Every structure is written in structure tokens, then in C-alpha cells.
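Asker: First the structure, then my questions, so here it is.
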Amino acid sequence: MSWLRGDPLAKALVGVLVAAGVVLITIFLVERAAREREVERALIAQVSRLAGDCEGAALIPSERKILVWDTAENKMSAAQSRLSDTVQGSASDPLLTIVMVLPERREQVGTYSVSNAPAYRVYVDVCVVLWPERRTVGQASAVSEEPPSSRVVQEGPEYGDPTEHLAELIESLRP
């Protein structure tokens, strides 16, 4: 690379080539992520029909990766990133356990004194499905953290966050 030392044109050319490489890698990664989201949505569209068949206590086979899908938001659940790295799955895994997070239920557990806004505990049910078998293996429920007992005065309700308890529940369903 000694030829670069005195030649500003060569340095500029190398800079342009490096920038072009970065742009191409970025485009590749964005396109790959978009394809992965399409595969996830197609997979979930097929699995969502099974939610009504969920019965009994869930158990997640230990040899499978896990994908946690929020059916109300139609996207990956925040609990997915709280699972240990060794069990986090994606739609491209050949054997997969899909944990479908069903729409949450809320129970008012308090009222903030100044704003009169309600405070809610949140309950979430999950339906566990084995893929590619398309077989439900049970259901389970998690309860949120309690909403804060006090907060800065603001309008609107406050909700407990079920994310951490949901991730703990999912991990506990593995043998």
C-alpha cells in the first residue's frame, strides 16, 4: 500500500470503493431483514389459526428454538429479546416452537390521586405451537409487574409491564 502515500487520486479511489462496499453491505442486510420479516409474517399467518385449539399445560421441547410472537401487534414480542441467546429462534429455523402471545387482559388495581388515572395489572396468555408440525402443545399465562404506586402527574392510565415475567414463564416451560 506504499503507492497510496503520495497519490491523492488513489486515496480518493480507495475511499470511494470502501464507501461503496459499506453501502452494498447495508443494502444486503436491510434486504435480508425484510425477507426475514416476510417469512415470519407468512409463518405466523399459518400458525395463528391454531390459537383456538390451545388446551392444557404447555411444555416446550428442549431441542427447539423459540419465536415469541405478539398476535395483537402482529410483530415479534419484546419478550423474544429477553430469552437466553441459545433459545432465541427465527422463522428460518427448521424446528421451531412458536409462542403466540394472545391479546392482553387488564385489571384495574388502583387510581392515581391527582389525575384520577387508572393503574392496571396486565395478564397475558400464550399458546404454544410446534412448527413445522402445526401442533398446539398447550397454553400458559403470565402476570405483569405491578404498575408504579406513584408517578409524575400525567393524563392517561398506567400499565404493569408483563415482558420480563413472560420471558421467565417461557424459559420455565422448557424441561
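Values quoted throughout were computed directly from the atomic coordinates according to the rules given, and no laboratory measurement underlies them. From a predicted model like this one, the values you see are computed outputs, not experimental measurements. Cβ sites come from the backbone with ideal geometry, for glycine too, and all protein chains shown count toward neighbours.
Asker: Between LEU59 and ASN74, what is the label-point separation in nm under the 7 Å Cα-to-beta-carbon projection?
Answerer: In this crude spin-label approximation the distance works out to 3.6 nm.
Asker: Defining a contact as two alpha carbons under 8 Å apart and six or more residues distant in sequence, what relative contact order in percent does region 51-175 show? Each step should come with its number before you reach the end.
Answerer: Numbers: 285 pairs, mean separation 35.3, N = 125.
Relative contact order of region 51-175: 28 percent.
Asker: Moving to a separate point now. If you take every residue apart from GLU171 with its C-beta less than 14 Å away from the C-beta of GLU171, what net charge results, scoring Lys and Arg +1 and Asp and Glu -1? Intermediate results must be reported in sequence, preceding the final value.
Answerer: On the way: positive: ARG64, LYS65, ARG82, ARG174; negative: ASP85, GLU164, GLU168.
It works out to a net charge of +1.
Asker: Further question: Of ALA167, THR86, GLY138, whose Cα points farthest to the positive end of the dipole of region 45-172 (charges on the beta-carbon: +1 Lys, Arg; -1 Asp, Glu; origin at the Cα centre)?
Answerer: Most positive-ward Cα: GLY138.
Asker: To the nearest 20 debye, what is the magnitude of the charge dipole of region 45-172 about its Cα centre, counting +1 on the Cβ of each Lys and Arg and -1 on the Cβ of each Asp and Glu? Could the numbers behind the result be given before it?
Answerer: Working: 11 positive and 19 negative charges, 59 e Å.
Here the size comes out at about 280 debye.
Asker: Right, something else. Roughly how many nanometres apart are two label points built 7 Å out from the Cα toward the Cβ at GLU171 and SER113?
Answerer: 3.7
Asker: While we're on this one: Please give the contour-minus-distance gain from GLU164 to VAL143: 0.36 nm per residue of separation, less the Cα-Cα distance, rounded to one decimal in nm.
Answerer: Working: separation 21, 0.36 × 21 = 7.56 nm, distance 0.96 nm.
Extra length from GLU164 to VAL143 when fully extended: 6.6 nm.
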